[in-house]
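Worksheet: one structure, shown below.
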Amino acid sequence: MSTPPFDDRDGSLWYDGKLVPWREAKTHVLTHGLHYASSVFEGERVYSGRIYKLEEHTARLFESARILDMKIPFTVAEINAASYAAARAQGIEDGYVRPVVFRGSEMMAVAGNNNKIHVAIAVWQWPSYFDPATKLKGIRLTISDWRRPAPDTAPTKAKAAGLYMICTLSKHAAETQGYADALMFDYRGLVAEATGANIFFVKDGALHTPIPDCFLNGITRQSVMALARARQIPVHERYIERGELETFSECFLTGSAAEVTPVAEIGPYRFKPGKISETLMNDYSEDVHRPVSAVKLSA
């Protein structure tokens with residue numbers, strides 16, 4: 001069954017302070033964010049009526065906007081409330097939440113100081129990012145030709161739309177070759193992340209994950225590290241060189257979309273999804289579905 005285009009769906013989304021009919025949430029073709037990538041966003045999931053780590057995601061949205069010199073014209077509390085309002089409007093208790101902040105069309109030049117800052121929040125049904133039938137077997141990754149940029153060449157601590165251009169190119173190339181995703185190295189040639197998820201490796205019962213100094217320190221990444229430590233699984237954040245990939249026994253990705261997804265292959269390197277990957281995948285599933293009576297979709 002084909003997926004309907006995102007501009008032609010029933011229901012409503014939250015746009016600049018109010019719920020509007022989904023099909024009427026329009027922006028002009030000369031919107032600054034389209035031409036100059038003056039846009040930041042978040043990727044969140046709602047489980048059983050609770051938006052997982054909403055406060056952390058909203059805090060990062062505001063920080064990303066600050067880094068791109070954009071002042072969000074709403075408070076943190078208003079954005080949090082709007083996120084639930086958007087989910088309620090669609091009647092979705094399990095799905096994906098996408099807040100986006102972008103400059104409007106008042107100016108069309110590199111400088112966008114006088115452009116209005118717009119905020120929209122949409123919620124839709126979105127199943128597992130990777131095929132659930134093969135998830136436990138582990139997905140296949142190729143190695144991207146693109147590298148994550150140095151922090152003095154791009155705003156790498158922001159979840160900025162422009163930073164995903166090379167991710168899209170990498171993902172397209174991977175899928176064309178029959179892979180699910182691609183591993184990206186950084187500007188130094190060190191292991192960085194996948195196109196939209198952080199990466200972990202297992203060696204001798206411990207986790208090893210790259211230091212996020214030129215890519216996002218993912219919120220799911222932080223959650224999984226906490227879950228691992230709660231089980232007394234050692235976690236090592238360190239620089240990882242390409243030659244080390246052959247020394248790891250397990251590998252998995254983490255992200256709001258990817259959740260916890262085991263990896264069986266990265267180019268010539270092979271991994272066997274095992275106990276630690278499966279344990280953390282199950283622990284994360286339990287964590288996101290943990291009921292919180294204080295915050296409900298129907299509230």
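The values are calculated or read from the model by the stated rules, or taken from the named source; none is laboratory data. Quantities reported herein were computed from a predicted structural model and do not represent experimental measurements. With ideal geometry, Cβ positions are generated from the backbone for all residues, glycine too; neighbour counts draw on all protein chains shown. Note: accessible area is taken over every heavy atom of the protein model, side chains too, but ligands, DNA and RNA are not part of it. Shrake-Rupley method; radii C 1.70, N 1.55, O 1.52, S 1.80 Å.
State all residues of the range 274-286 that are under 17 Å from I233 (Cα atoms) and either open to solvent by 30 Å² or more (accessible area, probe 1.4 Å) or of a type outside the set (F, W, Y) (or both); if no residue qualifies, say none. I'd like the intermediate steps shown before the answer.
Kept after step one, since they are under 17 Å from I233 (Cα atoms), are these residues of the range 274-286: 274-284.
Residues satisfying the conditions are G274, K275, I276, S277, E278, T279, L280, M281, N282, D283.
With the condition kept exactly as written, say whether any residue in the range 103-117 is under 18 Å from the mean Cα position of the chain (by Cα) and either more than 25 Å from K53 (Cβ to Cβ) or not polar (S, T, N, Q) (or both). First the steps, then the outcome.
Pass one, the range 103-117, residues under 18 Å from the mean Cα position of the chain (by Cα): none.
No.
Which ones in the range 251-299 are at pLDDT below 95 and either among the basic types (K, R) or touching a Cys at 6+ places or on another chain (Cβ under 6 Å) (or both)?
Listed by number, the residues that qualify are R290, K296.
Restricting to the range 110-125, and then to whatever is at pLDDT 95 or above and within 17 Å of T31 (Cα to Cα), can you tell me which residue is most open to solvent (accessible area, probe 1.4 Å)? Steps first, answer last, please.
To start, the set of residues in the range 110-125 that are at pLDDT 95 or above comprises 110, 115-124.
Add one more test, that the residue is within 17 Å of T31 (Cα to Cα), and what stays is 110, 115-120.
Details: V110: 119, N115: 11, K116: 103, I117: 25, H118: 27, V119: 0, A120: 16 Å².
Among those residues, the one meeting the criterion is V110.
Out of T31, T58, which single residue is out of contact with any strand residue (DSSP E or B) (no Cβ under 6 Å at 6 or more places or on another chain), over 22 Å from T220 (Cα atoms) and open to solvent by less than 20 Å² (accessible area, probe 1.4 Å)? If you could, list the steps in order and put the result at the bottom.
On the way: T58 fails: over 22 Å from T220 (Cα atoms).
The unique qualifying residue is T31.
Can we say V202 is in a strand (DSSP E or B), in contact with a helix residue (DSSP H, G or I) (Cβ under 9 Å, 6 or more places away or on another chain) and in contact (Cβ under 8 Å) with a residue 12 or more places away in the chain? Even if it seems obvious, please write down each step before you answer.
On the way: in a strand (DSSP E or B): yes; in contact with a helix residue (DSSP H, G or I) (Cβ under 9 Å, 6 or more places away or on another chain): yes; in contact (Cβ under 8 Å) with a residue 12 or more places away in the chain: yes.
Against the criterion (in a strand (DSSP E or B), in contact with a helix residue (DSSP H, G or I) (Cβ under 9 Å, 6 or more places away or on another chain) and in contact (Cβ under 8 Å) with a residue 12 or more places away in the chain), V202 qualifies.
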